[in-house]
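Participant: One structure, pasted below without further comment.
The values are calculated or read from the model by the stated rules, or taken from the named source; none is laboratory data. Being a predicted model, the structure only gives us computed values, none of them experimental. Here the Cβ is made from the backbone with ideal geometry for all residues, glycine too, and neighbour counts use every protein chain on show. Note: areas computed on protein heavy atoms with side chains; ligands, DNA, RNA excluded. Shrake-Rupley method; radii C 1.70, N 1.55, O 1.52, S 1.80 Å.
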Amino acid sequence: MLQTVGSTLLGVIVPLSVPVAFGALLARFRAWDTKHLLTLYLYVLSPAIIFDTLRNARISMDELYNTIGFALVNLLLMWGVAKVAGMITRMDSAETAGLTLISTLTNSANYGLPLVLLAFGQLGLDKASVYVITQMIIVNTVGVYFAARSQFSVKSAVKSVFALPAVYAAALAVFLKIFGFHLSTGLEQGISMVADAYSPVVLTILGAQMVKVGRPEATRVRPAAFWTGTVIRLLLAPLLAFTALKLLGISGVLFSVLFIQASMPVAVNAVVLAERFDAALGLVSKCIVWTTLASFLTLPVLIVIVQAMN
């Protein structure tokens, strides 16, 4: 078991950690501004990999429905856990909002997709793409609601979803796939070239973001709140995801991919919502850093477990 975990750590986590480390070093010692690369990620790399993956994805309609169904069930479970934990630990409204973001929003795109590709290959990436699109929609609708219920606007949430280029890329890929249409060979090869740049670029951005979210507010976080968020994301999230997947009858590679995606650390974009809506920014920032660091150890164990089950 330990040998298998070690080989998974070397084969999956170490390659991912190299661009993350470079990004962290650039942000720490060169005051690297990732704004322009974030624009590249949002408007070029993300749509390209979503289109390329869905265009060639080996995923059935049943798997599509199961993925969306699991994403919604898991969202409700994690929401409920955050509500109960907030009441038990007597958190105020801001801390509860932050805890909800920590519990429900996972880093399934810029960390999860490269991880799934290394751990489960192209087949795993095919199945993960639908989950990532669903998560993007959740972040820009339900995520906004969690962060600021009093300021929540359905109209604004819908507009934010349709401002995502990846949503249009996904719609185009599905349209072409359903009706059997094709882009020119040169155009599809060009999109694939852009998609290949996704992993190293977004992992470098992730490293820089981890340094930046370690901000002064994090030092003033109540230990009870921090440990509650960390335990929920690292321990309860995998347990609840496993239970939900079993109850929904999901198995095989799809089970493995969805389980790992639901067990990812806190999404970096959760800090954007926390900052914008005053939802315990320090708590969210601290949990992002420490759950991401801890995931370098916990995820290899989870990957070995699900691989042994299939």
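Participant: Could you run through region 86-97 and say how many residues are open to solvent by less than 20 Å² (accessible area, probe 1.4 Å) and at pLDDT below 90?
Facilitator: 1
Participant: Among (1) under 20 Å from LEU54 (Cα atoms); (2) at pLDDT below 90; (3) buried (at least 18 other Cβ atoms within 10 Å of the Cβ), there is one condition LEU254 misses while meeting the rest; what is its number?
Facilitator: Status for LEU254: all satisfied but (2).
Participant: Go through region 208-236 and count every residue that is modelled with pLDDT of 80 or more, among the hydroxyl-bearing types (Ser, Thr, Tyr) and surrounded by fewer than 20 Cβ atoms within 10 Å (Cβ to Cβ).
Facilitator: Residues meeting the conditions: 1.
Participant: Please go through region 14-38 and give me each residue that is within 10 Å of ALA208 (Cα to Cα) and of a type in the set (Val, Ile, Thr), ordered by number.
Facilitator: Passing the criteria: VAL20, THR34.
Participant: Go through region 175-207 and give me each residue that's of a type in the set (Asp, Glu) and exposed (fewer than 15 other Cβ atoms within 10 Å of the Cβ).
Facilitator: ASP196
Participant: Also: Among the residues of region 100-109, is there at least one that is in contact (Cβ under 8 Å) with a residue 40 or more places away in the chain, surrounded by fewer than 19 Cβ atoms within 10 Å (Cβ to Cβ) and within 27 Å of ASP196 (Cα to Cα)?
Facilitator: No, region 100-109 contains no residue that is in contact (Cβ under 8 Å) with a residue 40 or more places away in the chain, surrounded by fewer than 19 Cβ atoms within 10 Å (Cβ to Cβ) and within 27 Å of ASP196 (Cα to Cα).
Participant: I would also like to ask the following. Can you list residue pairs whose Cβ atoms sit under 6 Å apart, with the first residue in region 231-253 being under 11 Å from ASN74 (Cα atoms) and the second being open to solvent by 60 Å² or more (accessible area, probe 1.4 Å)? Count only pairs 6 or more apart in sequence or on different chains.
Facilitator: So the pair list comes out as LEU240/LEU77.
Participant: For GLY180, state whether it is of a type outside the set (A, V, I, L, M, F, W, C) and modelled with pLDDT under 90.
Facilitator: yes
Participant: Criterion first (closer than 22 Å to ASN269 by Cα and outside any helix (DSSP H, G or I)) does SER108 satisfy it?
Facilitator: It is true that SER108 is closer than 22 Å to ASN269 by Cα and outside any helix (DSSP H, G or I).
Participant: Identify the single condition in (1) under 19 Å from the mean Cα position of the chain (by Cα); (2) at pLDDT below 90 that LEU239 does not satisfy, given that it satisfies every other one.
Facilitator: Only one criterion in (1) under 19 Å from the mean Cα position of the chain (by Cα); (2) at pLDDT below 90 is unmet by LEU239, namely (2).
Participant: Which of the residues belonging to region 143-162 are open to solvent by less than 60 Å² (accessible area, probe 1.4 Å) and modelled with pLDDT of 70 or more?
Facilitator: If the condition is that a residue be open to solvent by less than 60 Å² (accessible area, probe 1.4 Å) and modelled with pLDDT of 70 or more, then GLY143, PHE146 are the ones that fit.
Participant: Condition check: polar (S, T, N, Q), surrounded by fewer than 22 Cβ atoms within 10 Å (Cβ to Cβ) and at pLDDT 90 or above. Does THR298 satisfy that?
Facilitator: yes
Participant: Can you name the residue in region 1-60 that is loosely packed, with under 15 Cβ neighbours inside 10 Å and β-branched (Val, Ile, Thr) and is also modelled with the highest pLDDT among such residues?
Facilitator: VAL18
Participant: Could you please tell me which pairs satisfy a Cβ distance under 9 Å, a separation of 6+ or placement on different chains, a first residue in region 31-55 that is under 19 Å from LEU172 (Cα atoms) and basic (Lys, Arg), and a second residue that is part of a helix (DSSP H, G or I) and open to solvent by less than 50 Å² (accessible area, probe 1.4 Å)?
Facilitator: ARG55/ALA173; ARG55/LEU176; ARG55/GLU188; ARG55/ILE191
Participant: Give region 271-289 a look and list any residue that's in a helix (DSSP H, G or I) and open to solvent by 30 Å² or more (accessible area, probe 1.4 Å), or say none.
Facilitator: Answer for region 271-289, where residues must be in a helix (DSSP H, G or I) and open to solvent by 30 Å² or more (accessible area, probe 1.4 Å): VAL272, GLU275, ARG276, LYS286.
Participant: Can you work out which of the residues in region 117-142 that are among the hydroxyl-bearing types (Ser, Thr, Tyr) and either open to solvent by less than 10 Å² (accessible area, probe 1.4 Å) or not in a helix (DSSP H, G or I) (or both) is farthest from LEU203 (Cα to Cα)?
Facilitator: Here the residue is THR141.
Participant: Given the conditions (1) buried (at least 22 other Cβ atoms within 10 Å of the Cβ); (2) part of a helix (DSSP H, G or I), and given that VAL268 satisfies all but one, which numbered condition is not satisfied?
Facilitator: (2)
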